[in-house]
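Read-outs: derived from the displayed coordinates by stated rules, not from any lab. The structure presented is a predicted model; accordingly, all values stated were derived computationally and were not measured. Backbone-built Cβ (ideal geometry, glycine too); neighbour counts: all protein chains shown.
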Amino acid sequence: MSRLIIASNRLPVMIDRSEEGMTITPSAGGLATGLKSYHKGSDSVWIGWPGVMPKNKKEADEVSNLLKTEQCLPVFLNEDLITNYYDGFSNATLWPLFHYFTEFAEFNETFWEAYCKVNELFAEAIIANAEENDVVWVHDYQLLLLPNILREKRPDLTIGFFLHIPFPSYELIRILPWREEIVNGLLGADLIGFHTYDYARHFISSVKRLLGYDVDFNQIKLDGRQVFIDVFPMGIDYKKFETHALEIQTKPVQERSKEHQDIDRFLLSMPDRKLILSIDRLDYTKGIPQRLNAFRYFLEKHPEYREKVSLIMLTVPSRTDVEQYQNLKNEVDVLVGNINGEFGTLNWNPVIYFYRSVPFENLIELYSSADVALLTPLRDGMNLVAKEYLASKVNHKGVLILSEMAGASKELGEAIAVNPNNIHDTGDAIYKALTISETEREKAITTMQKRIKRYDIHKWASEFMTALHNTIEKQSEHHARKITTSIKSKIVNEFAKAESKVLFLDYDGTLQRFFANPQSAGPDEELYQLLDEVADQKNTTLVLVSGRDRETFNRWFGNRKYTLIAEHGAWLREVGKGWMERKPVHNEWKDNIMPVLESYVDRTPGSLIEEKTYSLVWHYRKADIELGVLRALDLVHDISNLIINQDLEILEGKKVIEIKVSGINKGMAASDFIHEKPAQFILAMGDDWTDEFLFKELPENAHTVKVGTENSAAKYYLNNYKEVRAFLSELVKS
Ligand code: GDG
């Protein structure tokens, strides 16, 4: 059975150096709790940075031994790597960029090199521990390159990836100097999970725009592999919060913690006292100054609430040595001081501000006491605090005000949604939260509670793992027809024995890779040599059959010993002879179609028209990828209406639409050829839609090979042009 290896920057336990030596404590995060059942349930292992830098081998061994008891393995990072990989590329480049704070994003070559290095170190640690076919689940933005490093070194592994922060729009990603590397890094995974559909959609758009891969719904088609993209909104350990909140509520007042008693006293000191709560790390993504300004606006607009409502703001220190964070701290300190100075009284502080973290017990007390949670990040991957607050409101007396920019807002539709940049809107939401009717409040919270109770952290983790295992099945379904060693040797044997042989080979995408500019896609020396060898085989005819125009084909292959079929079968040129037209031309239709295509070129920058003897072709390979696909759909619709009863047909190829005289296709050309020159051994290979005619028309005994992973009438498939070349060289070497 395959084992699970989890990889994340930090481990679910933390190691600290104390006077007695190293100590180990569990970390409280949602991820650790959620994956615990998987982690502990099998002989799985969790790999990550333990949080300390051992001074010597003895200390390193001590850390490793402690971690072993928790099924964890360390990746040790030195100070330099922490500065450049963690503080640098992760937190000063990716974090601001992915949260739409481009002005804070630093692009620094040293950061990048350290980031690559640490991703390599993680890969080494995983590979050293991974058995064949193990499953690896990689987490978050610190390890974006890891999936592809693993894929290249260990293709047997099943790799999942989950991103905990937003994946931003392509407009942001395109700024990054290492954008292709980052997107390619992720594509090493079999399954990539995001919190929301928006993040998934942004990722797919970046893949299409940067790398040009075809995407079918939620599958990205790479050379010979598919990557699945899906949405898994992370949940919390609902039961844990609910149970603790129940315990706290039922505790007699005198047994409650000092902090809880303080809160109780505050609430009871005046009738109608209300508490609004916010909890976050002190980070510029959290919208803390905007929130304070909204609270000030609320107090100005509703003086009747003065002395009645306080905002408890728990702000956890974070990245304290970074300048932006220090500036933010100063800004928040000043704002809190101003509001308290302006509105406060001897008995009342409008903002109760804590700049520290609190133990879990106090956290639950805050959650269960607060009448309103005011969570207004400017960007947030998910925001678990929102869910934790809801789970802790066991008496259902809570209202959630939640930023539209938090991933959680997609699931928590019953919350009061605000745009955190709109101070007035947020201030009015506070008023609404305080005046909402009891029935409405209870209905909203119970609906949300039901939802997040059902899709909790355990469900989240198990859904991801199930989806990851399903990708293995889907990939293997697809591999059923892959040319295996035994199929290959069968074909090679037949080829060696046959007395007459013909090979029909498509050109673009089959023998040569795709180029953005089709004119640059001429044959390279390696290909010429290979094709010459094929054509030189005894009793063998090599036929190149393509949609290309005959002038180009003549220029590339005119002096070679290959038979050429150009323009989808309209023209044939046998070795040593001139071009022969296979069907009389009727071309008057072009005058009607050309203006339509021209109007599409005008409206689709980067697209172009090619005129061939029997056809007109609209290419959109160089157009904006999404616009191109949209226009192609429209074009097919427009042209279909125009060509009724005209003996014309439309072919949809890879980023091309071709309108051509019907009855001319690669299949008919090939079958006419076979009719004239029967052969014992027939092989046909092609990657495109137009090659399907070839696969369908050839006799049953022909070996037909699709290049690529799409559905096909071919019997077998190979992944890409490189595999085709390797296959042909084996054939000729036999
Ligand atoms: C990433 C994404 C995404 C906070 N203060 C205290 C405390 N906390 C706990 C909360 C909660 C967690 O920290 C913070 O939740 P976030 O949702 O902000 O999660 P992060 O791990 O910071 O961030 C985020 C998340 O990943 C999950 O994918 O939601 O968008 O940025 O669990 O309870 N806990 C204690 N004392 C505190 O003072 N004990």
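Could you quote the convex hull projected area for the chain, Cα atoms only and averaged over all directions, in nm²?
On the way: hull surface 156.6 nm².
That works out to 39.2 nm², a quarter of the Cα hull's surface.
So what are the ³J(HN,Hα) numbers for the stretch 331-337, from phi and the Karplus equation (6.51, -1.76, 1.60; θ = phi - 60°), rounded to whole Hz, Gly and Pro as x?
After applying 6.51 cos²θ - 1.76 cosθ + 1.60, I find 4, 5, 4, 5, 4, 4, x Hz.
Given contacts defined as C-alpha pairs under 8 Å and at least six residues apart, what's the relative contact order of the chain, whole-number percent?
Details: 1291 pairs, mean separation 67.4, N = 734.
Reported as a whole number, the value is 9 percent.
Enumerate by residue number the trypsin sites (Lys or Arg not before Pro) in the stretch 152-230 meeting two conditions: DSSP loop (anything except H, G, I, E, B), and at most 15 other Cβ atoms within 10 Å of the site's Cβ.
Working: sites: Lys153, Arg174, Arg179, Arg201, Lys208, Arg209, Lys221, Arg225; in loops: Arg174.
Listed in order of number, the matching sites are Arg174.
Express in whole angstrom the spacing between the alpha-carbon centres of the stretch 695-724 and the stretch 610-657.
Centre-to-centre (Cα) distance: 24 Å.
Nearest 0.05, what FRET efficiency do Asn493 and Asn559 give at R0 = 25 Å with Cβ-Cβ as r?
Working: r = 33 Å, r/R0 = 1.31.
Step by step, r from the Cβ atoms, then E = 0.15.
About the Cα centre of the stretch 663-721, how large is the charge dipole given +1 on each Lys and Arg Cβ and -1 on each Asp and Glu Cβ? Please answer in debye to the nearest 20.
Numbers: 5 positive and 9 negative charges, 29 e Å.
Here the stretch 663-721 has a charge dipole of around 140 debye.
I need the shape label for the stretch 238-454. Rule: rounded when a/c is under 1.5, else prolate if a/b > b/c, else oblate, with a, b, c from the alpha carbon gyration tensor.
In terms of gyration-tensor shape, rounded.
Taking the Cα centre of the chain as origin, work out the dipole magnitude from +1 charges on Lys and Arg Cβ and -1 charges on Asp and Glu Cβ, in debye rounded to 20.
980
Could you list, in their original order, any pairs among Lys208/Lys722; Lys612/Lys733; Lys474/Lys538; Lys490/Lys655; Lys490/Lys622; Lys286/Lys453 whose Cα atoms are separated by more than 32 Å? All intermediate terms of the calculation are to be shown ahead of the outcome.
Numbers: Lys208/Lys722 22 Å; Lys612/Lys733 37 Å; Lys474/Lys538 41 Å; Lys490/Lys655 35 Å; Lys490/Lys622 41 Å; Lys286/Lys453 25 Å.
Over 32 Å apart, Cα to Cα: Lys612/Lys733; Lys474/Lys538; Lys490/Lys655; Lys490/Lys622.
Working out 0.36 nm times the residue gap between Thr25 and Asn340, then minus their Cα-Cα distance, what length gain in nm do you get to one decimal?
Numbers: separation 315, 0.36 × 315 = 113.40 nm, distance 3.80 nm.
Length difference between fully extended and current span is 109.6 nm.
Could you tell me which residue out of Trp95, Ala60, Asn78 lies farthest along the dipole of the stretch 42-105 toward its positive end? Charges go on the beta carbon: Lys and Arg +1, Asp and Glu -1, centred on the Cα centre.
Ala60
Starting from the Cα-Cα distance between Glu79 and Lys443, subtract it from 0.36 nm times their residue separation and give me the gain in nm to one decimal. Provide the component values of the computation, followed by the final result.
Values: separation 364, 0.36 × 364 = 131.04 nm, distance 5.16 nm.
Here the answer is 125.9 nm.
For a quick size check, give me the Cα extents of the stretch 1-138 along its three principal axes, largest first, whole Å.
Taking the Cα atoms of the stretch 1-138, the three principal extents are 44, 40, 28 Å.
How far is helix 590-603 tilted off the main Cα axis of the chain, in degrees rounded to 10, range 0 to 90?
Approximately 30 degrees, to the nearest ten.
If you take every residue apart from Met382 with its C-beta less than 10 Å away from the C-beta of Met382, what net charge results, scoring Lys and Arg +1 and Asp and Glu -1? Working shown, then result.
Details: positive: Lys387, Lys410; negative: Asp380, Glu411.
Local net charge: 0.
For the chain, what proportion of DSSP beta bridges, expressed in % and rounded to the nearest 5, is antiparallel?
Once the DSSP bridges in the chain are tallied, antiparallel ones form about 35 percent.
Aspartates and glutamates near Lys450 by alpha-carbon distance under 14 Å, same-chain residues fewer than 8 away left out - which ones?
In chain and number order, the partners are Asp237, Glu242, Glu388, Glu411, Glu414, Glu442.
Using θ = phi - 60° and the Karplus relation 6.51 cos²θ - 1.76 cosθ + 1.60, list the HN-Hα couplings for the stretch 388-403 in order, rounded to whole Hz, with x at every Gly or Pro.
After applying 6.51 cos²θ - 1.76 cosθ + 1.60, I find 5, 4, 4, 5, 7, 7, 5, 8, 6, 9, x, 10, 10, 9, 10, 5 Hz.
So which aspartates and glutamates can Lys706 reach, going by Cα to Cα under 15 Å and dropping same-chain residues fewer than 8 places off?
Asp223, Asp506, Asp508, Asp687, Asp688, Asp691, Glu692, Glu697, Glu723
Past 23 Å, Cα to Cα, is the threshold; run Lys577/Lys696; Lys117/Lys329; Lys153/Lys221; Lys274/Lys397 against it and keep the listed order. Let's see the in-between values first.
Values: Lys577/Lys696 28 Å; Lys117/Lys329 32 Å; Lys153/Lys221 20 Å; Lys274/Lys397 12 Å.
Table pairs above 23 Å Cα-Cα are Lys577/Lys696; Lys117/Lys329.
So what J values fall out for the stretch 57-72 if you push phi through Karplus, 6.51 cos²θ - 1.76 cosθ + 1.60 with θ = phi - 60°, rounded to Hz, Gly and Pro as x?
4, 4, 5, 4, 5, 4, 4, 4, 5, 4, 5, 4, 5, 9, 6, 10
Quick one: compute the contact order of the stretch 4-231, relative version, from alpha carbon pairs under 8 angstrom and 6+ residues apart, as a percent. Walk me through the numbers on the way to the answer.
Values: 402 pairs, mean separation 36.2, N = 228.
Relative contact order comes out at 16 percent.
Name the residue from Ala415, Asn470, Ser729 whose Cα lies farthest towards the positive end of the charge dipole of the chain, charges +1 on Cβ of Lys and Arg and -1 on Cβ of Asp and Glu.
Asn470
Just order 500-511, 375-386 by mean Cβ neighbour count inside 10 Å, highest at the front, would you? Intermediate values should be presented prior to the final figure.
Numbers: 500-511: 23.3, 375-386: 25.1.
Answer by packing, highest mean first, reads 375-386, 500-511.
Check which residues have an amide H placed less than 5 Å from Leu718's amide H, if you skip close sequence neighbours.
Those qualifying (amide H under 5 Å, at least 5 residues apart or on another chain) are Lys706, Val707, Gly708.
In degrees between 0 and 90, to the nearest 10, how far off the longest principal axis of the chain does helix 197-211 point, with axes built from Cα atoms?
Once rounded, the angle reads 40 degrees.
Take the Cα radius of gyration of the stretch 590-661 and divide it by 2.2 N^0.38 Å, with N its residue count; two decimals is plenty. Kindly include the intermediate steps, with their values, before the conclusion.
Working: Rg = 11.1 Å, N = 72, 2.2 N^0.38 = 11.2 Å.
It is 0.99.
Cβ under 14 Å from Asn539's Cβ, Asn539 left aside: what net charge do those residues give with Lys, Arg +1 and Asp, Glu -1? Provide the component values of the computation, followed by the final result.
Details: positive: Lys497, Lys501, Lys538, Lys561, Lys677; negative: Glu494, Glu499, Asp536.
Residues close to Asn539 contribute a combined charge of +2.
For the stretch 306-416, with only Lys/Arg (+1) and Asp/Glu (-1) charged at the beta-carbon, what is the dipole magnitude about the Cα centre, in debye rounded to 20? Each step should come with its number before you reach the end.
Values: 10 positive and 14 negative charges, 33 e Å.
The calculation lands at about 160 debye.
Mind putting together the pair-distance distribution for the stretch 24-101? All Cα pairs, 5 Å bins, whole percent per bin, short to long.
3, 13, 18, 19, 18, 16, 10, 3, 1
Of Leu366, Thr426, Tyr284, whose Cα points farthest to the positive end of the dipole of the stretch 238-454 (charges on the beta-carbon: +1 Lys, Arg; -1 Asp, Glu; origin at the Cα centre)?
Selected residue: Leu366.
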